[in-house]
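For reference, the structure is listed below as C-alpha cells.
The values are calculated or read from the model by the stated rules, or taken from the named source; none is laboratory data. A quick note: this is a predicted structure, and the numbers were derived from the prediction, not measured. Don't worry about glycine lacking a Cβ; one is built from the backbone with ideal geometry, like all the others, and counts go over all protein chains shown. Side chains included, ligands, DNA and RNA excluded: accessible areas come from the protein's heavy atoms. Shrake-Rupley method; radii C 1.70, N 1.55, O 1.52, S 1.80 Å.
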Amino acid sequence: MQSSRFELRSAVYLMPMRGQEILLARRKNTGWMDGMYSLISGHLDGNETVNEAMIREAFEEANIKIDNHQLIPATVLHRKSTDSEYVDFFYVTREWEGEPSIGEPDKCDDLSWFSLKNLPDNLLPHIKEALNNYNSHTAFSTSGW
C-alpha cells in the first residue's frame, strides 16, 4: 500500500514601503480571516520561482509591476495555520511601476498605507510577526506550533 506524502504549502508576501509606511490589504470574501489586514500575497501556482510568484501576485492584487532586482528578501516564516502548514516568503520593495490599486475587488475591500508605528489592530498575527522579524533582522522563524 502506497502512502501519500506530506505536502507543504508555500506563499509569498510583499511589503511595499513608502518612507515609514507600509501598504496593507484588507481581506474580503476569501473564507479565511476576512476583515483582517494582510499584505499583497498569494500561493505559489507551481512551476514558478518564489520571485516569479511575488511579481505575479503584485500585479494581480495591486496593479503594480515589480522587477526581480526590486525584491529584497525580508524574512521566512514556517507557519502552522488552522488549515495547513506553510513556508511563507516575505519581500520588501521600495520601488515599483504604477499606482497601487485594488486588483481583485472580490477578495479585497481596502488597500491603504499605514505608518509602521501605527498598524491596524485587525492585522493578521503572522503578518505582524513577519514585520517584527524584518525590523529585528530575523531571517527565519516558526509560528503557530
* Asked: Among the listed residues Asp106, Asp45, Asp110, which satisfies the condition of being without any contact (Cβ under 8 Å) to a residue 24 or more places away in the chain and either in contact with a Gly (Cβ under 6 Å, 6 or more places away or on another chain) or over 20 Å from Thr142 (Cβ atoms) (or both)?
  -> Asp45
* Asked: Which one is modelled with the lowest pLDDT among residues in the stretch 84-98 that are over 15 Å from the mean Cα position of the chain (by Cα) and open to solvent by less than 90 Å² (accessible area, probe 1.4 Å)?
  -> Ser84
* Asked: Mind checking which pairs have a first residue in the stretch 79-91 that is more than 13 Å from Phe6 (Cβ to Cβ) and in contact (Cβ under 8 Å) with a residue 12 or more places away in the chain and a second that is assigned to a loop (DSSP other than H, G, I, E, B) and open to solvent by less than 30 Å² (accessible area, probe 1.4 Å), Cβ under 8 Å, 6 or more apart or different chains?
  -> Phe90/Leu39; Tyr91/Leu71
* Positions within the stretch 35-72 being assigned to a strand (DSSP E or B) and open to solvent by 70 Å² or more (accessible area, probe 1.4 Å), in sequence order -> His43, Lys65, Ile72
* Structure fact -> Only unsatisfied item for Asn118, checking (1) part of a loop (DSSP other than H, G, I, E, B); (2) exposed (fewer than 15 other Cβ atoms within 10 Å of the Cβ); (3) in contact (Cβ under 8 Å) with a residue 12 or more places away in the chain; (4) polar (S, T, N, Q), is (3)
* Residue among Arg94, Arg79 that alone is touching a strand residue (DSSP E or B) at 6+ places or on another chain (Cβ under 8 Å), farther than 19 Å from Met36 by Cα and among the basic types (Lys, Arg) -> Arg94
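Looking only at residues that are loosely packed, with under 12 Cβ neighbours inside 10 Å and polar (S, T, N, Q) in the stretch 123-141, which one is nearest to the chain's Cα centre (by Cα)?
Result: Asn135.
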* Could you look through the stretch 9-28, keep only residues that are out of contact with any Cys (no Cβ under 9 Å at 6 or more places or on another chain) and open to solvent by 10 Å² or more (accessible area, probe 1.4 Å), and pick out the one that is nearest to Pro125 (Cα to Cα)? => Tyr13
* Structure fact -> Given the conditions (1) closer than 20 Å to Asp121 by Cα; (2) at pLDDT below 95; (3) open to solvent by less than 60 Å² (accessible area, probe 1.4 Å), every one holds for Trp32 apart from (3)
* To do: For Val76, indicate whether it is open to solvent by less than 50 Å² (accessible area, probe 1.4 Å), within 18 Å of Ala25 (Cα to Cα) and assigned to a strand (DSSP E or B).
  => no
